[in-house]
Structures are given as C-alpha cells and as structure tokens.
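Below you'll find the structure, written out as structure tokens, and then a few comments.
The values are calculated or read from the model by the stated rules, or taken from the named source; none is laboratory data. Since the structure is predicted, the reported quantities are computational estimates derived from the model, not experimental observations. Because the Cβ atoms are built from the backbone with ideal geometry, glycine has one as well, and the counts that use them run over all protein chains shown. SASA here: full protein model, heavy atoms, side chains in, ligands and nucleic acids out. Shrake-Rupley method; radii C 1.70, N 1.55, O 1.52, S 1.80 Å.
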Amino acid sequence: MRKFKIGILGATGNVGAQLLNLLESWDENKINLDGPPRLFGTKKSAGREIDFKNHEIIVQDSLPENFEGLDIILSTATSDVSEKLVPEALKRGVKLVIDTDSFYRMNESVPLITAGVNDHDIDWHKGIIAGPNCTTAQLILPLHALNKAFGLKRVVVSTYQAISGAGKGPMDLMIQDCQEVLKNPEYIKRIRDTQVAFNVIPMISSLLEDGYSKEERKVCIESRKMLNYPDLQLTCTAVRVPVMTGHSESVNIELKKSFNLNEVNEVLKNQEYIQLWEDWSKYPMPLDVAYTEPVHVGRVRIDQSQPNTLDMWVVADNLWIGAALNALRIAEKAIERGKV
Ligand SMILES: NC(=O)c1ccc[n+]([C@@H]2O[C@H](COP(=O)([O-])OP(=O)(O)OC[C@H]3O[C@@H](n4cnc5c(N)ncnc54)[C@H](OP(=O)(O)O)[C@@H]3O)[C@@H](O)[C@H]2O)c1
C-alpha cells in the first residue's frame, strides 16, 4: 500500500493542532503515513516539540527547502504564507497542497471543495485544492442535499460564530478578557474595541464597500462556486459570539419544488456527514458538538410566512468541519481517486 509523506504548514495554530489530533487516529488504510508528519511554523516556533503518537516532532521554520520530499502539504497558516509558500512547495515536487486559507479559493484554476459536496472537483486539481471558509463549510452540506432534491431558490443565513474561528491569538485574548471582567464582578467592563467576551459583534473580518463584511461575501461566493450555481440568491449576516468552538447558523431556505417535512428529513438524513436532529425538543449547541465529526442539523421546520420555505439550525465544529477534518477528508478522497 502506498505511503505518503505529509507536512503541516501552520502546525502550531488552532487548525494545525486539530489536524495533528485527527491525523493521530486517522484510518491508516485511508491515509498511510510514511513517517510522522513534518511540522512547520514561524521562525519563533521552530525548535518547539509537539507530540504525535508518543513521538516528539520538532517544528521547523517554513523555509521552501524544508518542503523537499513531501507528497502532501496541509497548509493552514495565513494568506501571505499561502501566496508565497504554496508555489514554492509545488516547485519542490510536493504533489498536492490542501490549503484552508482564502487565498486560492476563488482562483478559477483551483478547485474549492467541501468533502461530500463536490468531491468530483478533486479530479481537475493542478497541485492545489482549497477548503472553504468555516462558515461556508458547514452550511454547504445541507444546501447541497436540498439543492439536489428540490432546487434552491433563495437562502438567508445568520451566523453565530465562535472565537476559535479567528485563530489562536483572538481566542487567548477572549479568555484573558473574561478573566479580567470576572475579577470585577460588580460591572462588565469594555476592555477593547473588538472585545468578544460578554459581547456580540456583527462584523467579522473587514467592512466592504457595499456594507457587507468580507466574511459575509465569502459565504456567498464560495457557496456559489462549490454548488456550481453562479446565480444562487444567498445573503448572510455574520456575527461573532463569545463561544470557544462551534459555529451556529440560522438558515432560511426557499426551495423551487414543493416538499413535506418527512421528505426533507429523509434527504438530510441521507446526506454524507450530516446528523439530523429530528426531535424538535432536542437541538444541537456548540458545547455539545465541539470535537464531533458531523454537521448537526436541527429545528427543521416549515416557514409559515411563504410557500416552499424551511427554517433550520446548523451547528458544527468550525476547526474540524470548517478546516482540519475537511482537509483530511479531501486528502483521503484524493488518494482514493489516485490524484496524489
Ligand atoms: N479557525 C478556523 O475555524 C478556520 C476555519 C477555516 C479556515 N481557517 C484558515 O486556516 C488558517 C489557520 O487558521 P488558525 O485558526 O489555525 O490560525 P492561528 O491559530 O492563528 O494559526 C496560524 C498558524 O500559521 C502560522 N504562521 C503564521 N504566519 C506564518 C508565517 N509567516 N510563516 C509560517 N507560518 C506562519 C502560525 O505559526 P506560529 O505559531 O509560529 O506563529 C500558526 O501555526 C487561516 O488561513 C484561516 O483562515 C481557519
């Protein structure tokens, strides 16, 4: 059985930690490692030791020459790093880079993939496959299932996004801010402009010229690309909430064909990687779904305000579905399809 040398670029970050965590127990028949993964971070992290299956791996500086000999790189650092280092990796013979960053997502020569939605797009990769934004990754699974069965007409999504989606730095700051505020229990103090602790922030990433945020724009354009549905009507309001891990989404979906609830539930139950919570008295919440594999879909109900429309509540682990787990599923499927 073929073995693969794997590298993780951004191994010391939030997503990098989850890639390692998942890779430790990944089925060796699906991704057969040729030695422990090679780990890369900034110069400041170089030399740090990280445990993998009881072996200490030394983090290396992300220098292009250090990528020699690798088959696959899971890249999860920053856009600058993706722009500069991914081409360098390909020049040095790396066969496939799976990049969780936004830099290549809308590049027409790069497939943008959520496993279980558009796996066929793996077949035309030219060395790079991009994974979507975490918010889009969990939304696209139910949208894909419903689009196939009934046709999507219009989607309205409001998000409640965890701080870990912003990276390790902001997550540490939120913990620190919580501790500061709790030291002064008589009042809730605003510590910084972007304070997430004890707050709700309706602006993620930067503000665009039309009043939407970059995060909201990503959800729309990435969904259209993965569904190969360029004129899909979709609008989003993206909100940061003081949750550690697990993005939640309230989604209103107008379908082209009429349906009943049983039919919708069947479609969702049959979609790979979705867990349906059919009982309305139980619903998925971030604390319950962090570190679980499925996209959890609950509170599926018929919108009484207009025909052919549904409401649902979608929750998933943003670090897993939104990045690390999706990247490893793509790697596994690329291997299975002989595309590495
Ligand atoms: N968090 C999510 O839910 C999520 C979901 C989907 C996609 N993504 C994407 O995944 C990527 C990583 O996100 P994250 O949340 O893991 O961020 P993070 O916690 O801030 O980690 C960033 C990682 O990149 C490394 N890095 C930063 N600058 C570098 C440089 N110049 N050269 C080499 N390595 C560098 C950091 O190394 P040091 O530790 O040495 O600084 C660290 O390992 C981002 O592109 C993000 O957009 C994240």
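The packing ranking of peptides 319-329, 13-23, highest mean first, is 319-329, 13-23, where packing means the average number of other beta carbon atoms within 10 angstrom of each residue.
In a shell of Cβ-Cβ distance under 13 Å around Ser75, excluding Ser75 itself, what net charge do Lys and Arg (+1) and Asp and Glu (-1) give? Every neighbour counted, the sum reads -2.
Given a 1.4 angstrom probe, what's the average accessible area per residue across the chain, in square angstrom? Don't skip to the end; give the middle numbers.
Numbers: 15370 Å² over 340 residues.
Counting only protein heavy atoms, the per-residue value for the chain is 45 Å².
On a per residue basis, the convex hull of the C-alpha atoms belonging to region 136-317 measures out at 141 Å³. With the highest mean first, a sort of the peptides 57-69, 94-106 on other beta-carbon atoms found within 10 angstrom per residue produces 94-106, 57-69. Rounded to the nearest angstrom and listed largest first, the equivalent-ellipsoid semi-axes of the chain from its Cα gyration tensor are 32, 26, 18.
Spin-label pair Asn262-Lys282: with each label point 7 Å from Cα along the Cα-Cβ axis, the two points sit 2.2 nm from one another.
Once you list every other residue whose beta carbon is under 12 Å from the beta carbon of Trp280, what net charge do they have if Lys and Arg are +1 and Asp and Glu are -1? Intermediate results must be reported in sequence, preceding the final value.
Working: positive: Lys282, Arg299, Arg301; negative: Glu278, Asp279, Asp311.
Net of charged neighbours comes to 0.
DSSP beta bridges fully contained in the chain are about 50 percent antiparallel. Region 102-161 and region 235-257 have Cα centres lying 15 Å from one another.
Taking the DSSP bridge list for region 250-340 and keeping only pairs wholly inside it, about 70 percent are antiparallel.
Here is the link list: Lys30/Lys225; Lys30/Lys148; Lys153/Lys257; Lys5/Lys333; Lys53/Lys333. Which ones come out longer than 18 Å on Cα distance? Before the final figure, lay out the partial values.
Numbers: Lys30/Lys225 28 Å; Lys30/Lys148 28 Å; Lys153/Lys257 9 Å; Lys5/Lys333 16 Å; Lys53/Lys333 23 Å.
The answer is Lys30/Lys225; Lys30/Lys148; Lys53/Lys333.
Given their separation in residues at 0.36 nm each and the Cα-Cα distance between them, Arg337 and Lys214 gain 40.9 nm when the chain is fully extended. Taking other residues whose beta carbon is less than 10 angstrom from the beta carbon of Asp34, and scoring Lys, Arg as +1 and Asp, Glu as -1, yields +2.
Counting only protein heavy atoms and using a 1.4 Å probe, what share of the accessible area of the chain belongs to carbon plus sulfur, as a whole percent? That fraction is 51 percent.
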